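Each remark here refers to the structure printed beneath this line.
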């Protein structure tokens, strides 16, 4: 059976997912497209999905009888409405991060899905599908004892002037917020942010770097360096220290060269390359679950927790204090 | 358009390619199966390709109007006949290594394809599709100057008693023979084999390890350690030394751990894991070319050259001498 | 000219320095020994310094006309009196850490040396003499831009029950406190300590691990993981992140092995091996300066700053707060 | 007791050893100097050994009653005569490599020492004192099973036009010839040399790179790449493959940096830095043995075997054949 997929939002990521479904992965086909800009949708149709039907409104695409499952790749502010509509239609929906722009909106999705009684939502936290993180999780679960600390770093070569201090949380740290919870099977109870000396490469309205200190329910202490003008490349580091040993996230595969008095290997500069394989695995997982009428992977609840935690981190940026994080009870159907 | 594929030979590799085509990759479907053992074909049909038609004889599968392209995964001795039949039928054919069991047979395939006038054959040298070798080739082509030497190693944890001295060439070195030609864009002119002290782990009828010394037309000197009872794991090493620097094939991704007074990371023990991703890329390439009625990747000529070179290496094993290697002119349609 | 050295305290470190001076290094000789236990002094005399004179009291050794320079290797509580006596006698004195057991006592030494008008005191912070830290300092000074952050770790395999929570500062972090000031050419302005989940390997009266957060005058943020029951070995890590790049302290030299399905190399378990070469360099520096009647390397002021900073860290352990650190003006003769 | 040393030959290495003895190491003093150029000897006297006596002739220095032991650092052609004179005088003598310029001359030294009845000669093969090779030997002896193969490389950034093809053996490979015998506790039985494509950076009268293939009595096969215009730095590699695993010589300690899209660390370009610490250990060993009236470390026999083996390698360069190597029985007093 081929899962018939409708894609809402045909910008960079929507286009790329369309290519992935139609040209790389088995088991699904993009049969419908919709975008705020009809021309954008038409271009993707022409290039990648000639048989897809165009819809002016995402809601119509969701309602279409030809569509089995939905990808929401539109701008963040529109996510809540589309995801709620898909749940109402009983269709599996893959929603790019963020699930919603506020914690309240994310909670409404959680509650709608709970009312529906079956999982339908997958949030686009692709790092959980990265081969490196998956290997790390296996080692953390089995070989280094109870985790006690995590030392992490999220570094970008540079960011534009439009990237402001809170975006270090919402756009950057958000990935560590999700993946570290998953890695540790744990939740956060407090957040603190400290600001080192500012890099001369950071624009006026951005404090860069930042160090975010998170504490979990089980007592794990996490420090994440967020440094988005580090100049040297895109670099994701994660070290877990346990009672019996420690383990590191692997570096991306590179060629070690000896040249010009240096042992050297390239560091990625384009963040899109870093987790490129995990998008394939992520969507294959969505397609498999959608074929059974449900969803897998990161849940709406995960999206909600990420929103709550992000809000606390931004408050910690602003206040300079240790901000407590508390969550309502997790609905039973996410267990 | 979906390429309709027939698979001849449904043992381990035929089964795995069927899974790959039907469950992982886009663009093709296994529509026919044939095996020496009808039960084996039936089992793969049941597990992975319920819609596929069973053929008692591979020749019938090749001739079937429902089949657009053929995978030859049967035992080596049958390859020549099936590949020649596919060429005669004008159908793209992917043939697992070896292309044929003698150089003469491989040359007959080359000539048949030349007579047909268009490429139809892809040989299953999957290392050319490995991400690590591809990165290495880019670096070799651009960053270390003219290649002068290659130091390589092909190590297996252990082999059964049925593995005899010449198999170090036919079953093991064969991969280096192909991939190093491709990496260097060169051909071999001589081979020599030296035998180090034999490992106590090698069986009576196997000289293990061996060191194969190859010389290329451009003067590159290659040494390949073949050690198939190395005990510690499956390990493929390749270092290219050029006029301006050197480059190494990347290690497979692993987690670096600190535990029990050791900085440590796992080495693969199962060879099937080492190039597992490259099989996907290899078949995706075959499918794309087959959709256009032709073939890509390693050619019948490459299969022929590998056979000629293997024969010279076995002669070098037996004689202890430096054995010259000469090739006929390459047919123009492989340029 | 041979510098005639008297050693006060002939325990493990005093014995080792005597061996170093008499059997390894050029330019000095141990001519006098003193210990709280005359038997201990006699044993070192017999084994390593047959020509040395024994003194019952350290004060007499310092006063002896045969002694040009003094090593204070006795228990910490006695350091202040011996160092002050050496200053009063105008003799260069090498004092093992701590310079004194309180910041006030350390300040008295600073003031006595200032009154004397010339440097006479070297404190035994041997890491500044470690080849790895010296290479790191060169890179930090020249190649990675202005330092913004330091991520460090100080891990011991295990500690005895007598090791209590404040000793994580006084006995362990003390080395980072000194060497990071030197590395960054900076001073501390605040300290905070957070306590991760406690390791099951830590004794009842020890919080282990701990993370110490330090802030410097120039705004550098430092995090040091102190984990003294890490089980896997003795491991010192230091990463400096600057505006243009980052640099890591080298690992100790080891053999990389491939064995039993692991790429592996040994991690030290004995802390005494980690900086063993730096003791030689440290004492050679002392001998050279002493031959000119003065002292080099880490100063009494450095010993005082380490004491002040340690006190703030212990206060931060106890209070859970961010504790400010302030220093008096540095006496001019340390510039 | 201080060993009184006379140094013959005060060029770069003689000067450096004088500095080492007088300023770094314990237990010896340079009391006499001699050089073909009296001005050179006078300059070293003035800079490093003001109390040393100058001798016009090395023979007089050796005969002087003030001299306990001798360092021969003069040009190679003079070594035999000075070493024989030292043996005749019954004085320990450290001779820089080569022990002599012909195998016959080296054998005369072996026989003279045997006639004397006690070891007096140490040859300056400093790699045996390198911490990395010593660690490697421990691992080879205990952890990887019986050695079967060695893959080695000796690379220099570049050499002057005066460096001709045979010097790849006499000046470069000579170090591997000695250190690999010691590492494996074995001797050579044959040598072969193959010439890869010549680097464009090699001068007209130098074949560069070369690969030397050695076979040992125990059946170990060794390949050494000698590449003295490799451009990228001075690089010494050594991998030993045993029946149970493999081990690599450590890289020199360096700082790993992340900068400009590269993970990078410096490679040495100056060969003098690579084994600089081993010269200290080597001479300390000589001093300790000389204090007992004898010699330690690499023997005259080792110097002789290196000469025999070098001659075979040069013959292999010229003939293109596999050249057998045979040795007389080792005199009993070297056991």
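The values are calculated or read from the model by the stated rules, or taken from the named source; none is laboratory data. Predicted model only: the values in this text are computed from it and were never measured. Cβ coordinates were reconstructed from backbone atoms using ideal geometry, including for glycine residues, and neighbour counts include every protein chain displayed.
Some points to look at:
- Scanning segment C:177-188 for residues that are more than 11 Å from every other protein chain (Cβ to nearest Cβ) and part of a loop (DSSP other than H, G, I, E, B), we see that the one that is surrounded by the fewest Cβ atoms within 10 Å (Cβ to Cβ) is C:185.
- For segment C:243-335, the strands (runs of 3 or more DSSP E) that sit wholly inside it and include 3 or more residues that are buried (at least 17 other Cβ atoms within 10 Å of the Cβ) and touching a residue at least 24 places away in the same chain (Cβ under 8 Å) are C:245-248.
- Consider segment B:202-213 and keep the residues that are assigned to a loop (DSSP other than H, G, I, E, B) and surrounded by 18 or more Cβ atoms within 10 Å (Cβ to Cβ). The one that is nearest to the other protein chains (Cβ to nearest Cβ) is B:209.
- Here the condition is being buried (at least 23 other Cβ atoms within 10 Å of the Cβ) and outside any helix (DSSP H, G or I); of C:191, C:168, C:106, it holds for C:191 alone.
- Residues that are touching a residue at least 60 places away in the same chain (Cβ under 8 Å) and under 16 Å from residue A:285 (Cα atoms), drawn from segment A:27-71: A:27, A:28, A:68, A:69, A:70, A:71
- When we screen B:267, B:255 for residues that are touching a helix residue (DSSP H, G or I) at 6+ places or on another chain (Cβ under 6 Å) and farther than 22 Å from residue B:15 by Cα, the only hit is B:255.
- Extreme residue, farthest from the other protein chains (Cβ to nearest Cβ), among residues of segment C:1-12 that are in a strand (DSSP E or B) and buried (at least 19 other Cβ atoms within 10 Å of the Cβ): C:8
- Residue count for segment C:25-44 satisfying the condition of being out of contact with any helix residue (DSSP H, G or I) (no Cβ under 9 Å at 6 or more places or on another chain) and closer than 24 Å to residue C:1 by Cα: 1.
- Residue in segment C:254-269 that is away from chain D (no Cβ under 11 Å), within 16 Å of the chain's Cα centre (by Cα) and at negative phi present: no
- Within segment B:109-161, no residue satisfies the criterion of being over 30 Å from residue D:246 (Cβ atoms) and within 14 Å of chain D (Cβ to nearest Cβ).
- Residue list for segment C:237-251, filter: more than 7 Å from every other protein chain (Cβ to nearest Cβ) and closer than 20 Å to residue A:241 by Cα: C:237, C:238, C:239, C:240, C:249, C:251
- Residue list for segment D:214-236, restricted to those being at the interface with chain B (Cβ under 8 Å from one of its Cβ atoms), crowded, with 21+ Cβ neighbours inside 10 Å and either part of a loop (DSSP other than H, G, I, E, B) or free of Cβ contacts under 8 Å to residues at least 40 places away in the same chain (or both): D:215, D:220, D:230, D:231, D:232
- Only a single criterion out of (1) under 29 Å from residue B:200 (Cα atoms); (2) within 11 Å of another protein chain (Cβ to nearest Cβ); (3) at pLDDT 95 or above is not satisfied by residue B:315, namely (2).
- Scan of segment D:162-174 for residues that are in contact with a strand residue (DSSP E or B) (Cβ under 7 Å, 6 or more places away or on another chain) and either over 20 Å from residue D:324 (Cβ atoms) or within 14 Å of chain B (Cβ to nearest Cβ) (or both), ordered by number: D:168, D:172
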